[in-house]
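Student: The structure under discussion is supplied below as structure tokens; questions concerning it will follow.
The values are calculated or read from the model by the stated rules, or taken from the named source; none is laboratory data. These figures come from a predicted structure and were not determined experimentally. With ideal geometry, Cβ positions are generated from the backbone for all residues, glycine too; neighbour counts draw on all protein chains shown. Ligands, DNA and RNA are excluded from the accessible area calculation, which covers all protein heavy atoms including side chains. Shrake-Rupley method; radii C 1.70, N 1.55, O 1.52, S 1.80 Å.
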Protein chains: 2
Amino acid sequence: MTPVELYDTTLRDGSQAEGVTFSVEDKIRIVHELDVLGIHYIEGGYPGSNPKDIEFFQHIKDHELKIGQVVPFGSTRHPDVTPDEDANLIALLDTGLPTVTIFGKSWNLHAEFVLRVSPEKNLEMIEDSVRFLTEHGRTVIYDAEHFFDGYKADRDYALETLRVAAAGGAQRLVLCDTNGGTLPLEIYTIVQDVRSNFDTPLGIHTHNDAGVAVAGSLIAIQAGVSHVQGTFNSYGERCGNANLSTVIPNLKLKMGIDCIDDEQLARLTYVSRVISELANLAHDERQPYVGRAAFAHKGGMHIDAVRKNRLTFEHIEPERVGNEQRILISEQAGRSAILMKLERELPGLDKKSPEAMQVFDALKEAERNGYQYEGAEASFQLLTHKTLKRYQPSFDLLGFRVIIEKFHDHSMRSEATIKVRETNGVIKHTAADGDGPVNALDSALRKALEQFYPELQEVYLTDFKVRVLDSRAGTAARVRVLIEASDGEETWGTVGVSENIIQACWEALADSLEYKLFKERSGRRMERRLK
Amino acid sequence: MTPVELYDTTLRDGSQAEGVTFSVEDKIRIVHELDVLGIHYIEGGYPGSNPKDIEFFQHIKDHELKIGQVVPFGSTRHPDVTPDEDANLIALLDTGLPTVTIFGKSWNLHAEFVLRVSPEKNLEMIEDSVRFLTEHGRTVIYDAEHFFDGYKADRDYALETLRVAAAGGAQRLVLCDTNGGTLPLEIYTIVQDVRSNFDTPLGIHTHNDAGVAVAGSLIAIQAGVSHVQGTFNSYGERCGNANLSTVIPNLKLKMGIDCIDDEQLARLTYVSRVISELANLAHDERQPYVGRAAFAHKGGMHIDAVRKNRLTFEHIEPERVGNEQRILISEQAGRSAILMKLERELPGLDKKSPEAMQVFDALKEAERNGYQYEGAEASFQLLTHKTLKRYQPSFDLLGFRVIIEKFHDHSMRSEATIKVRETNGVIKHTAADGDGPVNALDSALRKALEQFYPELQEVYLTDFKVRVLDSRAGTAARVRVLIEASDGEETWGTVGVSENIIQACWEALADSLEYKLFKERSGRRMERRLK
């Protein structure tokens, strides 16, 4: 197949998503990651709009890239000025970057309601804006906003907007499904029609409002488009943009289009996760290819099958995209799941040895009591190593007390006291207040341990989940608490179970700190690393 | 277009997802919601496998449904037994349900590596298993597992597996993309080929490993399939299944297939959110159609445009699927949603009256603080009636104290003291122990109230859920507690929110008892009755 250009707009369209904001430093870091990954165009933002984007474009000039080029984004000129008077077009030139993207209106409805110009005036604006930029030596990528809706409303007019953009010198005509409502087969037919009318290379830009953004991009390429726009992790307004971390492996592994090389592809999971860290959003576990659950197996029958042959339940080898297989330990997974976990944890362990049976029994017993180790690999490791007496806990709990009071004026107070003995025999007895009982307990425990183990200061909790087991038991129900902690380098999960919610939190909390000490002392690494 | 059957497998394939577990009560509630929504088949689980599913099938017999039918799921017989000796097939019959689904192997690789049988033996197993069920009067839906991979590996064999299933009497042949790796155009071509070889109605079942599950389902329907399987919120193992909450509105609003009626479609957002509450998972904000951000506008330009004409940036009217437009700058969430709820609660209330505004403000404030009344209708009613001073609380909390202690021998003690004033002015000060702090508080509160309100003895808690909001705040995170209570006649839900988990539990607990007194005194009935 023909080569396909990759165009990332995480920094522009992606930052339209609810809750997504990148600092200038974040943006520069992302540009470098995308460059190393092999992305050809990296849209940086609107240089004409906000101060942060202006600062970004000033900085990015000094950064040399390997493959990609940074592209500024803007619109066709304002109706009341000529192109050389238009602040937005001038800001694009001022970035000094060789390629620029501008969008124009393909849909009469928009010309009428949004721009309040006649259809003819809109055509003029497109053509002279593009020409102004090309005459200043720029390569112009023309984004035909709402192209598919415009085409469905008035095919000839929509095609005419492309024709004038091409006449102005645009080197790419990008067909945008801005509202994300067009289904794949319709995209296929429309792209084929456009293809038969234009020689200029076409691009595709889709949104996910009908849940088919990735499929729309792929089918457009199958219909002859050679340039695809999207964002990482599908960030974008409303339901998001086409997810490049899904599009890229589909192109390469399913459609045989060599858009990036094998080594670059193996960085995909890492890049997707770094971008979510920088966006300060939890990484979507179920994301195709790069999600933490993308190659996770839970059902006993499936685990059994993938042990026999990985192809049975994996559509690709996870390592190709830098991801990995995970075997979830759950009520549905049987003995084979636990054995597989053990194999990875203790390579060389004889599965029939008394030691293996001991661990196996300990795990079965824990599961019977409601523990669940999917998402709590750190507790799993601690349990395994403690059972085999290969690890000595770093502290011994002598007791705690938590008091929660609510007063008539509705104010509240939570206080925890805790007594622990460290491995050197020293007893620490501390007290702390908190926003609720668990926070108080957390603070008191850290007070007790941080003097002896200063590395615990690096640990912070990143996620906290509570699930009620046998929920019919009402307030006497057992609860399972999952905590995710990080030291900035790795992330790990721990679990606690009890009818007493405070005790369940305590167990997960204690394991999360214990695990940090365990991994530092044993030089271990968690499977999931961020750097 | 021809009608399309909707088949939901949230309760079976959906519960394969990491972190998803439903109680028997949850499953029954979901069956009812899906039935009202108009889903034709609701797969309930494996009756032959785990005790929870067995209990579910025992219970579900007594529930009458309007439209849908509950379907048990199983596999073709074990290689070493005849169908009438096969425990799994017998368990399917034992449910007494008229339609059953079984899956069989379409792919040689699976017959060889997983079942360890010859290709011929696999064909026999499919045919005689289906025949056994049809001869016992069942309608059989045959799920051809890994059909697309099997077809690509050996077209003739894959088609032969369908042929023997049809020969056994299967009434639907469902083509499954079990590994989720097949792209839409390929699905289109393969379905067309199958279509031309079979008269039996075809179905489609896709997974999202390539990010195209919804598109694959739609294109299969365009190629002639008339039965579509999926899950709500795309729950399912690895990257999930085709999302029915996306497939349904695409069928109805984009493809003109009248699979459910307009009124049912308007419940879609509600059902999707209830299921995520029951799964105890955050609802994905960016989900097409039903997500909170699906019609949210952030950029100034876009907000301006949608004010002028909603079509400019909305592919459908959000109200059609029970969702709503959100304008992010104002942070004004849910006015129409609240008004809709109010209308239901106080029919005839003038929406522009000061009273309505008062309730509106109170609800908006509560929602801003993390309260959510989907699944907590009792708290919603109490809040409404208290705000309008139409109801006087039955008791006034003067204060409580909870002490949780853990001793060196690992034993624990939880004690609560509580002081309340009853409406007659009597102050009760009680103390109780419990299995954990919430149970102790529950016992102390009942001790205080039951003498004056003996009807509270009828109330027992049937469900208890804890959800961490802003989970990144770690142990200082706000939590939302949902409690479901019953008096044997009706069931109602209440909610509490706080950074202090004990306070959040207290609120939900107090509301659950308060609601019992409220409904007894006002002669009210909850809309949701289980018996």
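Student: With +1 on each Lys and Arg Cβ and -1 on each Asp and Glu Cβ, how big is the dipole of the protein assembly as shown about its Cα centre, in debye rounded to the nearest 20?
Tutor: So the dipole magnitude of the protein assembly as shown works out to roughly 1840 debye.
Student: Quantify how strongly other chains surround peptide A:282-293 by giving the mean number of their Cβ atoms within 10 Å of each of its Cβ atoms.
Tutor: For this peptide, the per-residue mean of nearby foreign Cβ atoms is 5.
Student: Can you tell me the orientation of helix A:184-197 relative to chain A, as the angle in degrees between its alpha-carbon axis and the longest Cα principal axis, to the nearest 10?
Tutor: Computed tilt is about 30 degrees.
Student: Show that you can apply the helix-only estimate: for the protein assembly as shown, add -39,500 (n - 2.57) for every DSSP H stretch of four or more residues, divide by all residues, and state [θ] at 222 nm to the nearest 500.
Tutor: The per-residue figure over the protein assembly as shown is -11500 deg cm²/dmol.
Student: Which value, in debye to the nearest 20, gives the size of the charge dipole of segment A:5-278 about its Cα centre, when Lys and Arg are +1 and Asp and Glu are -1 at the Cβ?
Tutor: My answer is approximately 460 debye.
Student: Where a ≥ b ≥ c are the square roots of the eigenvalues of the C-alpha gyration tensor, would you call the protein assembly as shown rounded, which needs a/c under 1.5, or, failing that, prolate if a/b is larger than b/c, or oblate?
Tutor: rounded
Student: For segment A:339-395 and segment A:127-174, what is the centre-to-centre distance using only Cα atoms, to the nearest Å?
Tutor: The distance from the Cα centre of segment A:339-395 to that of segment A:127-174 comes to 62 Å.
Student: Cβ neighbours within 10 Å, averaged per peptide: list B:143-152, A:108-117, B:272-281 in order, most packed at the top. Present the calculation step by step, with values, prior to reporting the outcome.
Tutor: Numbers: B:143-152: 25.0, A:108-117: 18.5, B:272-281: 21.8.
Top to bottom by mean Cβ count within 10 Å: B:143-152, B:272-281, A:108-117.
Student: Give me the lysines in straight-line cross-link reach of residue A:308: C-alpha distance below 26 Å, same-chain residues under 8 apart excluded.
Tutor: A:254, A:298, A:341, A:351, A:352, A:364, B:105, B:121, B:152
Student: Got the residue B:156 label distances to the other copies yet, label 7 Å along Cα→Cβ, in nm, shortest first?
Tutor: 5.4
Student: Enter the mean number of other protein chain beta carbons within 10 Å of the beta carbon of each residue in A:395-406, as an integer.
Tutor: On the way: counts 0, 1, 4, 3, 8, 5, 6, 8, 5, 13, 7, 13.
Per residue, the number of nearby Cβ atoms from other chains is 6 on average.
Student: Moving on. If each label sits 7 angstrom from Cα along the C-beta direction, how far apart, in nm, is residue B:350 from its counterparts in the other copies?
Tutor: Computed spacing set for this position: 8.8 nm.
Student: Additional query: Would you tally the net charge around residue A:80, using a Cβ to Cβ cut-off of less than 14 Å, leaving residue A:80 out, and scoring K and R as +1, D and E as -1?
Tutor: That sum, taken over residues with Cβ under 14 Å, equals -2.
Student: Across peptide B:179-191, what mean number of C-beta atoms from other chains lies inside 10 Å of a residue's C-beta?
Tutor: For this peptide, the per-residue mean of nearby foreign Cβ atoms is 4.
Student: Which angle from 0 to 90°, rounded to the nearest 10, does the C-alpha axis of helix A:24-37 make with the longest principal axis of chain A?
Tutor: Orientation of helix A:24-37: about 80 degrees from the principal axis.
Student: As a test of the definition: with a 1.4 Å probe, what buried accessible area, both sides summed, do you compute for A against B, in Å² to the nearest 100?
Tutor: 9400 Å²
Student: Once every Cα of chain B carries one equal point scatterer and solvent is ignored, give the base-10 log of I(q)/I(0) from the Debye formula at q = 0.05, 0.07, 0.09 Å⁻¹, two decimals.
Tutor: Each listed q corresponds, in turn, to -0.25, -0.48, -0.75.
Student: Tally up the carbon and sulfur contribution to the accessible surface of chain A as a whole percent, 1.4 Å probe, everything protein left in place.
Tutor: Details: 8960 of 18860 Å².
On chain A, the fraction of accessible area on carbon and sulfur atoms equals 47 percent.
Student: Taking K and R as +1 and D and E as -1, what net charge do the other residues with C-beta under 10 Å from the C-beta of residue A:395 add up to?
Tutor: -1
Student: Under a 1.4 Å probe, what is the accessible area of the protein assembly as shown per residue, stated in Å²?
Tutor: Accessible area per residue, the protein assembly as shown: 36 Å².
Student: Still on this model: Using the per-residue mean of other Cβ atoms lying within 10 Å as a proxy for protection, in what order, highest first, do the peptides B:120-130, A:51-61, B:204-214, A:237-247 fall?
Tutor: B:204-214, A:237-247, B:120-130, A:51-61
Student: On a 0 to 90° scale, report how tilted helix B:268-278 is relative to the longest principal axis of chain B, with both axes built from alpha carbons and the result rounded to the nearest 10.
Tutor: 70 degrees
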